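> Dumping the structure here so I can ask a few things about it.
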Amino acid sequence: MQNIQQQYFTDHKQRFLDELIALLRIPSVSAKSEHKSDMQRAAEFIVEKLTQAGADKVEIYPTAGHPIVYAEKIISPDLPTVLVYGHYDVQPPEPLELWHSPPFEPTIRTTPIHPEGAIFARGACDDKGQFYMHIKAFELMVQTQTLPCNVKFMIEGEEEVGSTHLESFVKNNKDRLQAEVILISDTSLIAKDTPSIDVSLRGLSYLEVEVTGPNRDLHSGVYGGAVENPINALCQMIASLKDENKRITIPHFYDDVIELSAEERAELNQAPFDLEAYKKDLGIDEVVGEAGYTTLERTGIRPTLDVNGIWGGYIGEGAKTVLPSKAYAKISMRLVPNQHPDKITKLFQEHFERIAPKGVKVKVTPHHGSFPAYTPTNSTAYLAASKAMEATFGKKPIPTRGGGSIPIVALFERELGLKSILLGFGLDSDGLHSPNEHYGIFNYYKGIETISLFFKYFAEMHRKE
Ligand code: BES
Ligand code: MN
Ligand code: MN
């Protein structure tokens, strides 16, 4: 960073952290309607901070779901524009009993990976801690009169539930959202001392299934053995969705998958990855996945299918002998470039209805989908991001393949013709979507510094183009 920026940063570092903690206190869980007013509060908090930071136009857009915060600072039509995207909604914190401190009472503790301390709270890493770095980097640049680009902010509240209402906002505001690049911090680094930039994200098809047997719950002794049990049936159906090589058995599932060349695969596998440490961290003896692929490939370039939840019958205390009427499951499929979420949803639906055993009825309800995305490593924006990370980490970042999904990335590309740079600073071990989610203070500050440098390099490289 430039000296003047460094001075401002040193003087305001503590406040930067305190503000994030205040934001983390707001339980902005998008999935639950009881948090509707918290969502509004979080949006208002962001508006206030963007205004104080120096944005010229700051607005809340109500949607049929949760509000979108939009802000901009246009300093010159001759300068490139960076559109920052982030999400202020968080995943539900349950199961609460597994948290060592309450999810919405941010607490700083040290961990072996974060000896400088980490903030424990739902959303600390995904994504409040990460998008807030952009607001602070923006403040730093504006207040030191070193902002080298025009900036637009679009911070939404429905990412964790599929970004349903953002699509129409983007379609209806194409002119307003014009930019040279989209910058997103919502992904992970390989490690604190091993910077990386995700160049792809997987897509998603998410659905729910309901299996119905008899028209009411039955005595499992009186009827058991003669009437199909929907939970047994559902388990059999789910078990049949992968073969012994862990390949998905839905016909035509792999038809559109792009296979990487041997060179691309070799390059991907050069990224540092410690399988023993990975297994140890997760408390597992073996990794399991599609035959013929490494762990990095299984999560980065291969599609997969997982049950996210399954229920039915009696799950209360003690025993109840019952042959239930219904069984349910939530199922997600992660998709890779060229797979179409709607097509996959349809293939699943047809297949699942076809394999239903006699004696049960099956209903499949689609939830949300997301397209996979890919970013090339030769764009000005990628090179600027790479240079910024190299400056702050002392090492060139490694291009990596992210296993998660950010629905808006493919939509931005389709609607605005813009690629996103995934300049993430979290760690996979930060517990995103898990109990005890946290974000390293080191990562937070490193992110603010790197983002400020990205703006500098992007403006410089853009001028030379
Ligand atoms: N930030 C994550 C996605 C992510 C995490 C990508 C780590 C790469 C590395 C995002 O908030 C997320 O959780 N997305 C959901 C998408 C969804 C609910 C439509 C996901 O991936 O499950
Ligand atoms: Mn996220
Ligand atoms: Mn998430």
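The values are calculated or read from the model by the stated rules, or taken from the named source; none is laboratory data. Predicted model, so just to flag it, every value in this text is computed and none were measured. Virtual Cβ from ideal backbone geometry, glycine too; neighbours counted across all protein chains shown. Surface areas here come from the heavy atoms of the whole protein model, side chains and all, with no ligands, DNA or RNA. Shrake-Rupley method; radii C 1.70, N 1.55, O 1.52, S 1.80 Å.
> Give, in nm to one decimal, the length gained when the segment between E244 and S101 is fully stretched (0.36 nm per residue of separation minus the Cα-Cα distance).
47.3 nm
> Same structure, new question: For E34 and I258 in one chain, what is 0.36 nm times their gap in residues minus the Cα-Cα distance, to one decimal in nm?
76.4 nm
> Taking 7 Å along the Cα-to-C-beta vector as the label spot, tell me the Q143-V287 distance in nanometres, rounded to one decimal.
4.3 nm
> Okay, next question. State in Å² the accessible area per residue of the chain; use a 1.4 Å probe, count heavy atoms of protein chains only, and round to the nearest integer.
Value for the chain: 44 Å² per residue.
> Accessible area of F273, 1.4 Å probe, to the nearest 10 Å²?
Here the residue's solvent-accessible area equals roughly 80 Å².
> Still on this structure: Given Cβ point charges of +1 (Lys, Arg) and -1 (Asp, Glu) and nothing else, what value in debye, to the nearest 20, does the dipole of segment 112-254 about its Cα centre take?
Result for segment 112-254 is approximately 140 debye, rounded to the nearest 20.
> Another question, if that's okay. What is the dipole size for segment 342-465, taken about its Cα centre, with +1 at each Lys and Arg Cβ and -1 at each Asp and Glu Cβ, in debye to the nearest 20?
In debye, rounded to 20, segment 342-465 gives about 340.
> Charges on Cβ only, +1 for Lys and Arg, -1 for Asp and Glu, centred on the Cα centroid of segment 95-229; of H134, A191, A118, which one is farthest towards the dipole's positive end?
Comparing the listed Cα positions along the dipole, H134 ranks first.
> Follow-up question, since we're still on this one. Output the 0 to 90 degree angle, nearest 10, between the alpha-carbon long axis of helix 230-239 and the longest principal axis computed from the alpha carbons of the chain.
Relative to the chain, helix 230-239 is tipped by roughly 60 degrees.
> I've got another one for you. Is any residue of segment 288-307 close enough, with backbone N under 12 Å, to a label point placed 7 angstrom from the Cα of N269 along the Cα-Cβ axis, and if so, which?
292-298
> Find, among the GluC sites (Glu not before Pro) in segment 289-330, those assigned to loop by DSSP (not H, G, I, E, B) with at most 12 other beta-carbon atoms within 10 angstrom.
On the way: sites: E290, E297, E317; in loops: E290, E317.
Those that pass, being in a loop and sparsely packed, are E317.
> Find out how many positive minus negative residues lie around L418, taking Lys and Arg as positive, Asp and Glu as negative, among other residues whose Cβ is under 12 Å from that of L418. Before the final figure, lay out the partial values.
Values: positive: K152, K174, R414, K419; negative: E180, E413, E415.
Net charge in that neighbourhood comes out at +1.
> Now, a different point. First measure r as the distance between the Cβ atoms of T111 and E276, then evaluate 1/(1 + (r/R0)^6) with R0 = 22 Å and state the FRET efficiency to the nearest 0.05.
0.65
> Lys and Arg at +1, Asp and Glu at -1: add these up for the other residues within a Cβ distance under 10 Å of D198 and post the number.
Taking every other residue near D198 into account, the sum is 0.
> About its Cα centre, what dipole magnitude does the chain give when the only charges are +1 on Lys and Arg Cβ and -1 on Asp and Glu Cβ, stated in debye to the nearest 20?
360 debye
> Could you tell me what percent of the DSSP beta bridges with both partners in the chain are antiparallel, to the nearest 5?
70 percent
> Just by accessible area at a 1.4 angstrom probe, what is the order of R298, R122 from largest to smallest?
Correct descending sequence by accessible area is R298, R122.
> Now for a different question. Given R₀ = 60 Å, FRET efficiency for A226-E59 by Cβ-Cβ distance, to 0.05?
Working from the Cβ atoms, E equals 0.40.
> Starting from 0.36 nm per residue, how many nanometres of slack lie between N378 and E210 once their C-alpha separation is accounted for?
Gain on extension, N378 to E210, equals 55.8 nm.
> For a quick check of understanding: with a 1.4 angstrom probe and all protein chains in place, what accessible area in square angstrom does R334 have, to the nearest ten?
70 Å²
> Ok, one more. Of I408, Y374, G426, whose Cα points farthest to the positive end of the dipole of segment 368-442 (charges on the beta-carbon: +1 Lys, Arg; -1 Asp, Glu; origin at the Cα centre)?
Y374
> Quick one: if the Förster radius is 60 Å, what FRET efficiency do T10 and K363 give, using the C-beta to C-beta distance and rounding to 0.05?
On the way: r = 59 Å, r/R0 = 0.99.
It comes to 0.50.
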